[in-house]
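Taking it in order: structure first as structure tokens, then the write-up.
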Amino acid sequence: MTTTRAGEVVGIENLSVSFATDAGTITAVQDVSLSVAAGEVLAVVGESGSGKTVTARSILGLLPETAATRGAVVLRSKDGSAQHDVVALSAKQLGELRGRDAAMVFQEPSTALNPVYPVGWQIAEGLRAHGKYNRAQARAEAIEVLRRVGIPDPEERIDHYPHQFSGGQKQRIVIAQALVLDPGVIIADEPTTALDVTVQAEILDLLRRCRDEFGAAIVLITHNMGVVADLADRVAVMYSGRIVEQADVRTLFSAPQEPYTRQLLASVPRLGEGRARAEERAAARAPGWADAAPAVAARDLRIVYPGRFRRPDFVAVDGVSFAIRPGEVLGLVGESGSGKTTIGRAIAGLTRVTDGSLSVLGTEMRGVREKAFRPVRKRIGFVFQDPASSFNPLLTIAEAVAEPLVVNGRAEDPRAARSRVDELLEAVQLPRSFGDRFPHELSGGQRQRASLARSLALDPELLIADEPTSALDVSVQARVLELFAELQRELGFACLFISHDLAVVDLLADRIAVLYRGRLVEEGTGAEVLGAPQHPYTQRLLASLPVPDPDVQAARRAAWQQLA
């Protein structure tokens, strides 16, 4: 049997994984060899489909029955007393290893946590599964691990349900589940993808503590190169199922050897890159542009959600004022719950305005009736955060893109709209033939392009883009952002671009507005807001953003800890 080397908790040798499908056998991983030492963070990076998640899941034997595995995945217990080749283990033996020797932190905590059980019960479940603990002991251990991962008042909150926690707290609870049995290695699969930069910084700090205080090795699966620079000791770059480069984190960022690694690093948006573009856009505009009537104008905008079951009302947006001129991109940033999406929905007529004024394409939204707003809605496009859930899985891409044309009477049926659909697909750099595919047959980046095509079907004057690139790999994100900027230049629509990624907003936006707890705390150009932030919250937001340079990021982390 293959053995791990001294100090290693995981040793992968010549791993190959293939899947049996209706279309034939697909090879996901080919001849991968990796090792992880105790107390080390190994980052595995690469775009979607590169095989990084399959490689990580093989450590726990979490592959479907259709998977065929060759090679060795040797997992050693934390105390070094035993080691096992995971590939050769039975389901029962795997159950004994999971949680005890290795544990997984999944990408989306909302789906990893069971909504019908209190979080304490779910943490204690792992302890009970491995015996030795009665109910009182398991509860005490669960309270202690919740305290160690930073959940306030754990004695009380242990009996709360997942929906009673924020996104960042849910991710902490999932990490607590992984830590409760003190495993030797934690596999963290995109643990910060859906989180705001401020919450992301806290989770990265927690993962660093998992390494330093708990002594756990961490296998980090991510496409965020800033996260890699912040947390990793070593980096393995995957492409098409193979490892193309391995190096310590400083060497990889300073002197990447492979063309794919260089391309990956070049795709990462960096703060400050957007200033030159903003100046070019400003120079290209016609004289008197700034005096044109705004496409969107908010004055003392207030949106309140009525309380239910005797709870007080929730003020989502409180006295916000801003304007978006024709052809201008306003970037709206802030953490979850700050009111960004609420403002976007109010502009689209999907959320009622409580007080103040909101004018959209000349129509006052406060008290507007649906019948009066319907003609205006045709002039607004909407790009959703997750195209996988916004597309009807039963419709082809062509039918989904044609839907606005059919609903608004521009075409009798999808077949009649096909020529326009083909034009739109080509405009977003998708082949016409993709129109005959279903959403699940496209990659994440391709689906987001199709979503952009659908939003442009009616030639909108105003586009609302709600986190359109947050779930994309950096290389795919770079292509989508370049495409978005090109289309905005050509078509000249006004745009509200909602994001929590400051570097992405800097790249696209003419002006940036910062929201905090429903209030607008800062607004200006990228140079003003990101170059010289005035408000403490903007400063904290900026310091939370990890940059793809290990040395620079170490200094930024120290600054963030002081601000936090």
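Tabulated values for the structure
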{"quantity": "Those trypsin sites (Lys or Arg not before Pro) in the stretch 1-65 that DSSP places in a loop and that have at most 13 other beta carbons within 10 Å", "calculated": "R5"}
{"quantity": "Percent antiparallel among DSSP beta bridges (both partners in the stretch 347-504, rounded to 5)", "calculated": "20 percent"}
{"quantity": "Sites A140 and A286, calculated FRET efficiency, Cβ-Cβ separation with R0 51 Å, nearest 0.05", "calculated": "0.15"}
{"quantity": "Förster radius 51 Å - calculated FRET efficiency between K132 and F438 (Cβ-Cβ, nearest 0.05)", "calculated": "0.55"}
{"quantity": "Antiparallel content of DSSP bridges confined to the chain, in %, to 5", "calculated": "55 percent"}
{"quantity": "Full-extension gain in nm, S16 to Y161, via 0.36 nm per residue minus C-alpha separation", "calculated": "48.2 nm"}
{"quantity": "Gyration tensor verdict on the stretch 472-564 (Cα atoms; rounded if a/c is under 1.5, prolate if a/b is larger than b/c, oblate otherwise)", "calculated": "oblate"}
{"quantity": "Percent of beta bridges antiparallel (DSSP, the stretch 423-564, rounded to nearest 5)", "calculated": "50 percent"}
{"quantity": "Förster radius 30 Å - calculated FRET efficiency between V315 and E279, Cβ distance, rounded to 0.05", "calculated": "0.20"}
{"quantity": "Positive dipole terminus of the chain, leading residue within W289, V360, S544 (C-beta point charges)", "calculated": "V360"}
{"quantity": "Most positive-pole-ward Cα, A411, L491, T53, against dipole of the chain from beta carbon charges", "calculated": "A411"}
{"quantity": "Cβ-placed point charges (K, R +1; D, E -1), dipole of the stretch 1-158 about Cα centre in debye, nearest 20", "calculated": "380 debye"}
{"quantity": "Positive minus negative residues near R285 (Lys, Arg vs Asp, Glu; Cβ under 13 Å)", "calculated": "-2"}
{"quantity": "Total formal charge among the other residues, if their Cβ is under 11 angstrom from that of F165, Lys/Arg +1 and Asp/Glu -1", "calculated": "+3"}
{"quantity": "Given charges at Cβ of Lys, Arg, Asp, Glu: the chain dipole, positive-most of L515, V10, G349", "calculated": "G349"}
{"quantity": "DSSP-assigned coil residues among trypsin sites (Lys or Arg not before Pro) in the stretch 120-215, each with at most 10 further Cβ atoms within 10 Å", "calculated": "K132"}
{"quantity": "Residue-by-residue Karplus 3J(HN,Hα) for the stretch 287-297, coefficients 6.51, -1.76, 1.60, Hz, glycine and proline x", "calculated": "x, x, 4, 5, 8, 5, 4, x, 6, 9, 9"}
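No value in this document is a laboratory result; all are computed from the given coordinates. Note that this is a predicted model, so its numbers are computed, not measured. Neighbour counts run over all protein chains shown; Cβ positions are idealised from the backbone, glycine included.
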